Amino acid sequence: MEKPVTVRHRSMDEITAGLHVVRQSPRGVGTLALAVRRPAVGAREVLELAELDPDAGLIGDSWGQRPSSRTTDRSPHPDMQLNVINARFVELIAGPDRDAWALAGDQLYLDLDLSVDALPAGTRLAIGDRAVIEVTDQPHTGCAKFAARFGRDAHKIVWTEEGKRLRLRGLNARVVVGATISPGDPVRQLA
């Protein structure tokens, strides 16, 4: 992302009116809509090909250099390698520009039902031909940056009971089987 991207902040009414689209996200089988690498804090690279690795997460992403308040030694949390968000929700709050989606700070944008009921912790998802990720029990929460980029109402809605149930802010995952993935790849829930 080289050009500066700004997003019109949607109102609570606009977001609420569009949630039916998020609720209709496919269950069990979906699509990888976008892959984004964060090479440094605040930097984003929308990828045509992304390499997942069990040790490094998404190759070239700065996850491995980011301290975590959830580990005793502040090392990167192994169950937070990947941030995954619902593509329909991002489009609702950011519009159709994929560069604007990348501002969310997530690495994988899936057209898939990410709700707690659909994907409890431990659920594995195959992406493309070989990659496998696993949903972890670490909550993915909105931050001040998310509110600044998408507006206070977008930030508020992820904290509602429905927002938490639908995982509007997304989920955390770890890589189980590494492979190259790309937007358009199928995503399917494994038994």
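Miscellaneous remarks
- Filter result for Pro183 (part of a loop (DSSP other than H, G, I, E, B), touching a residue at least 60 places away in the same chain (Cβ under 8 Å) and open to solvent by 40 Å² or more (accessible area, probe 1.4 Å)): yes
- Scanning region 168-180 for residues that are open to solvent by 10 Å² or more (accessible area, probe 1.4 Å) and touching a Phe, Trp or Tyr at 6+ places or on another chain (Cβ under 9 Å) returns a single hit, Arg169.
- Some residue of region 98-110 being more than 15 Å from the chain's Cα centre (by Cα) and surrounded by fewer than 18 Cβ atoms within 10 Å (Cβ to Cβ): no
- Going through (1) in contact (Cβ under 8 Å) with a residue 12 or more places away in the chain; (2) open to solvent by 40 Å² or more (accessible area, probe 1.4 Å); (3) not hydroxyl-bearing (Ser, Thr, Tyr) one by one, Asn83 falls short only on (2).
- Selection status of Thr71, touching a residue at least 40 places away in the same chain (Cβ under 8 Å), surrounded by fewer than 17 Cβ atoms within 10 Å (Cβ to Cβ) and among the polar types (S, T, N, Q): no
The values are calculated or read from the model by the stated rules, or taken from the named source; none is laboratory data. Remember, predicted model here, so these are calculated numbers, not experimental data. As a convention, Cβ positions derive from the backbone with ideal geometry for all residues, glycine included, and neighbour counts pool all protein chains shown. The area values use the complete protein model at the heavy-atom level, side chains included, leaving out ligands, DNA and RNA. Shrake-Rupley method; radii C 1.70, N 1.55, O 1.52, S 1.80 Å.
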